[in-house]
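Working notes, beginning with the structure itself.
The values are calculated or read from the model by the stated rules, or taken from the named source; none is laboratory data. As the structure is a computational prediction, the values presented were derived from the model and not from experiment. Backbone-built Cβ (ideal geometry, glycine too); neighbour counts: all protein chains shown. To get the accessible areas, we keep the full protein, side chains included, count just its heavy atoms, and leave off ligands, DNA and RNA. Shrake-Rupley method; radii C 1.70, N 1.55, O 1.52, S 1.80 Å.
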Amino acid sequence: MSVDSATAAKQCITGWSVDIHGTPLCQYCTKELLEGDEVTVYAYRPVEDQVVSVARLYCSECNHREIEHPALGCYEWLAEARLATISDVAHQSHERTLTGIDIIDECGPKEGDAR
Ligand SMILES: [Zn+2]
């Protein structure tokens with residue numbers, strides 16, 4: 001597992017729009033995540049893929065700090081982030097994105113549970 005991949009993940013997660021499917025919620029307690037909230041982000045990339053996807057968000061109270069069940073064949077990351085709102089004045093729209101990314105845990109594709 002190289003430092004490069006964490007750096008790449010960080011770049012991919014930064015600016016990720018979290019409300020394209022509606023209000024962003026904590027995966028665990030389903031609390032609504034608001035602008036300025038500290039959140040934990042779970043992101044992954046299948047080995048054969050070049051695209052990092054943000055799959056889950058957790059609020060700071062749920063304090064999800066470790067990848068508990070690594071997936072075989074995936075690079076996975078947990079990162080601390082903050083929700084920021086970007087306003088598009090021309091379209092009068094707002095979107096919540098991730099900023100201030102700090103990778104706190106990562107797993108390589110060989111660390112998965114093969115059972
Ligand atoms: Zn929560």
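Applying 0.36 nm per residue to the separation of Tyr28 and Arg65 and subtracting their alpha-carbon distance, the gain on full extension is 12.0 nm. With 0.36 nm allotted per residue and the present C-alpha distance subtracted, the Ile20-Arg56 stretch has 11.6 nm of extension available.
When the convex hull of its Cα atoms is viewed from all sides, the chain shows a mean projected area of 7.7 nm². Across the chain, C-alpha contacts under 8 Å between residues 6 or more apart give a mean separation that, scaled by the residue count, equals a relative contact order of 30 percent. Rounded to the nearest 20 debye, the dipole magnitude of the chain is 120 debye, with +1 charges on Lys and Arg beta carbons, -1 on Asp and Glu beta carbons, and the Cα centre as origin.
Taking the average, over residues, of other Cβ atoms within 10 Å as the packing measure, peptides 52-59, 85-92, 66-73 rank 52-59, 66-73, 85-92 from highest down. Between the helical axis of 3-13 and the longest alpha-carbon principal axis of the chain there is an angle of about 30 degrees. If the segment from Asp102 to Val89 were pulled out straight at 0.36 nm per residue, it would be longer than the present Cα-Cα gap by 1.8 nm. Apolar share of the accessible surface for the chain: 47 percent from carbon plus sulfur atoms, 1.4 Å probe.
Calculated accessible area for segment 3-107 comes out at 58 Å² per residue, all protein chains present (probe 1.4 Å; ligands, DNA, RNA ignored).
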